[in-house]
1. Can you name the number of the only condition in (1) of a type outside the set (Ser, Thr, Tyr); (2) modelled with pLDDT of 90 or more; (3) within 15 Å of Ala231 (Cβ to Cβ) that Asp298 fails?
2. Given the conditions (1) modelled with pLDDT of 95 or more; (2) among the charged types (D, E, K, R); (3) within 30 Å of Ser157 (Cβ to Cβ), report the number of the one that Glu99 does not fulfil.
3. So Glu7 passes all but one of these: (1) outside any loop (DSSP other than H, G, I, E, B); (2) within 15 Å of ligand 1 (Cβ to nearest atom); (3) under 17 Å from Ile177 (Cβ atoms). Which condition number does it fail?
4. Find the residue count for segment 33-51, including only residues that are more than 10 Å from ligand 2 (Cβ to nearest atom) and within 11 Å of Ile178 (Cα to Cα).
5. Of (1) within 16 Å of ligand 2 (Cβ to nearest atom); (2) out of contact with any strand residue (DSSP E or B) (no Cβ under 8 Å at 6 or more places or on another chain), Ile212 satisfies all except one. Which?
6. Out of (1) hydroxyl-bearing (Ser, Thr, Tyr); (2) touching a Gly at 6+ places or on another chain (Cβ under 9 Å); (3) at pLDDT 95 or above, the odd one out for Thr237 is which?
Amino acid sequence: MTERILEVENLTIDIPVPSGILHAVQDISIHVDRGETLCIVGESGCGKSLTSLAIMDLLPKKAIRQAARLELADESIFGISERRMSDIRGNRMSMIFQEPMTSLNPAYTIGDQLTEALRRHRKVSRGEAKDRAVFLLEKVGITAAASRLGQYPHQLSGGLRQRVMIAMALMCGPDLIIADEPTTALDVTIQAQILHLLAELQREFNMGLILITHDLGVVARIADRIAVMYAGQIVETGSAAQIFTEPLHPYTRGLLDCIPIPGKTQRGAHLGAIPGIVPSLVGQMPGCHFASRCPLVDDHCLAGAVPLFDHRDTNRSIRCLRADNEDTQKISQEGVA
Ligand SMILES: Nc1ncnc2c1ncn2[C@@H]1O[C@H](COP(=O)(O)OP(=O)(O)OP(=O)(O)O)[C@@H](O)[C@H]1O
Ligand SMILES: [Mg+2]
């Protein structure tokens, strides 16, 4: 029996900029079940971070957020008071950012920050909070955990700081963790360790996890489902197996051509790259957003907005009129406005 942790329906984010309205996120629907990892992938600027900030209600002030539904475990978290939201944030859902120093306060010890994260939301004694902090520091692989409590963030390496951030995100036992490029600032070898740690903890604590990462190798290993974003829209969703074994959208195929496949790609061989650049998101964009870069583009693709279709496979969707499958071919022939 699956338990829905997060339900996002038709999320749209517009940002007024000097040249007009930037349609940063357009009509995105995602969901996460308990114990499930959803990876969001896509090129820089496609709206991944704004989507996660919108769920946490941490968007920049000028951004305009709309949604048909935004629910955390059946409770609406859209249009609720800031007081209620700050009760939920860091408690029932936590976020891990790329740069731990943006979330860790250099002026306080690790111990103070971890215990505060729990005591803000729970009536526990200082001793109980400290015990949980030590327990979680050990869980995230920090040795001599008790002695670390008195240290300040600057006394730790980048990798250790990110482990502390993960421990902090877990302090209240959240239902959902959103990790936005949590390791990009770290050495490559440490990146993989931390992402695997996150995946292990997600399983052990049976949480929902949204992971945003550029590392498709990691996505292949830890995602249950994948949402591929392009220029503010979801262009394809499916299970990790579906996306990696049979990518349908030309953009997804292009993305996957860009990663080396162990044992297959020759060392030094040039990886695939998608020619062209992401279109501007300011103003209305008629037709398929990927049209200018798509090898399959035809007149239908430019005629009007392309909806996200349910694919014949269960739980899979694609925003393309031309992808090589029966459903989309049929739709393409019939013509869809
Ligand atoms: N505060 C802001 N003001 C104006 N535009 C913004 C603002 N924040 C983000 N954007 C724009 O919104 C779009 C989506 O940004 P977002 O940060 O969500 O992308 P992303 O997918 O997370 O990219 P990256 O992979 O580089 O982190 C981009 O075009 C970006 O320039
Ligand atoms: Mg981002």
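1. (3)
2. Of everything listed in (1) modelled with pLDDT of 95 or more; (2) among the charged types (D, E, K, R); (3) within 30 Å of Ser157 (Cβ to Cβ), Glu99 misses just condition (1).
3. (2)
4. Filtering segment 33-51 down to residues more than 10 Å from ligand 2 (Cβ to nearest atom) leaves 33-39, 41, 43.
Keeping just the survivors that are within 11 Å of Ile178 (Cα to Cα) gives 37-39.
The qualifying residues number 3.
5. Going through the list (1) within 16 Å of ligand 2 (Cβ to nearest atom); (2) out of contact with any strand residue (DSSP E or B) (no Cβ under 8 Å at 6 or more places or on another chain), Ile212 breaks only (2).
6. All conditions are met except number (2).
So that you can scan it fast, the table gives a plain yes or no per residue for (1) surrounded by 21 or more Cβ atoms within 10 Å (Cβ to Cβ); (2) at pLDDT 95 or above; (3) within 22 Å of Ala199 (Cβ to Cβ):
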position: Gly127; (1), (2), (3): no, yes, no
position: Gly141; (1), (2), (3): no, no, yes
position: Tyr152; (1), (2), (3): no, yes, no
position: Gly158; (1), (2), (3): no, no, yes
position: Gln162; (1), (2), (3): yes, no, yes
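The values are calculated or read from the model by the stated rules, or taken from the named source; none is laboratory data. Note that this is a predicted model, so its numbers are computed, not measured. Note: ideal-geometry Cβ built from the backbone for every residue, glycine included; neighbour counts use all protein chains shown.
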